[in-house]
Every structure is written in C-alpha cells, then in structure tokens.
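What follows is one structure encoded as structure tokens, with my remarks underneath.
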C-alpha cells in the first residue's frame with residue numbers, strides 16, 4: 001500500500017512527533033499543536049534514540065525536538081533522520097536554549113526546517129508548524145482545493 005493511498009484514507013490524520021526530556025515542554029508543545037485545530041495525531045517521546053527506532057515504520061509529518069538531550073543532541077538527531085534515506089518529508093523544528101546563531105545555522109544546514117530559541121514563542125512555533133504541516137499536505141496532494 002502506498003503512502004498516498006494511506007494518506008487519502010478517510011480517517012487519515014497527520015502525525016506530529018514531539019521529543020524533549022522535560023514533560024512540561026512536551027505538554028506545552030502539544031497544546032500549541034492542538035490549538036491549530038488540524039486534527040493531528042500527536043506522539044510525545046523523551047528518548048531520541050527510541051524516537052528514531054519508532055519512526056522507522058511510521059510516517060511523521062512534523063518533528064519538534066529539543067537540542068540538549070541525554071542520548072544525543074539535536075544535531076545528531078537531525079543528521080540521523082536525514083541520513084536514514086527516507087524519501088518521505090520529515091519537517092523538523094529544533095527548539096534550543098542555545099542562542100548562538102552559528103549553532104542555529106548548522107542545524108538548518110544539516111536539514112532542520114527551523115530552529116527556535118527556548119522558550120519558543122507560542123505564535124511563532126504555531127505559525128511555523130502550521131506552514132510545515134500544510135507543505136506536507138501539498139506534497140502528498142491532500143490539501144483541499146477550493
């Protein structure tokens with residue numbers, strides 16, 4: 001069964017994966033995504049290695065991840081996703097307390113879609129997430145044409 005046939009099923013919902021070792025941050029990011037009213041499936045994880053394993057058999061439309069994690073940092077996580085060879089879009093937003101713009105630029109060069117400084121501004125994160133989720137819909141021809 002192809003991705004497009006799965007995605008065109010009546011009950012299909014886009015998936016957003018949130019990764020952070022702080023449950024409060026996961027809850028805040030989940031609330032921001034729920035506020036978009038896009039009927040998303042939201043998966044929260046605290047372990048990036050576990051998240052990588054989980055993603056092997058899942059289609060994920062959006063990933064919001066922390067940078068500083070025990071098992072690997074955000075750069076290693078982005079590189080692992082991009083080097084996995086998936087042909088499916090994986091939009092990644094990295095949220096970090098690091099304010100060094102060179103780190104942000106390195107993350108973007110490695111394949112992150114956006115890099116935000118913690119605490120991420122609610123409206124900024126919501127706008128970027130919505131844009132990336134809409135982009136994913138268009139990639140698979142799922143957007144409603146009026």
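Each of 104, 29 has some number of other Cβ atoms within 10 Å of its Cβ, and from fewest to most they run 104, 29. If you take the square roots of the eigenvalues of the alpha-carbon gyration tensor of region 13-139 and sort them as a ≥ b ≥ c, do you get rounded (a/c under 1.5), prolate (a/b over b/c) or oblate? Taking the square roots of the gyration eigenvalues as a ≥ b ≥ c, region 13-139 is rounded. This ranking places 67, 77 by how few other beta-carbon atoms lie within 10 Å of each, fewest first, which gives 67, 77.
Each peptide in 35-41, 20-26 was scored by the mean count of other Cβ atoms within 10 Å over its residues; highest first, the order is 20-26, 35-41.
Computed from the coordinates by the stated procedures, all read-outs in this text should not be read as laboratory data. Just so we're clear, the structure is a prediction, and the values are computed from it rather than from any experiment. Here Cβ is always computed from backbone atoms with ideal geometry, including for glycine, and neighbour counts include all displayed protein chains.
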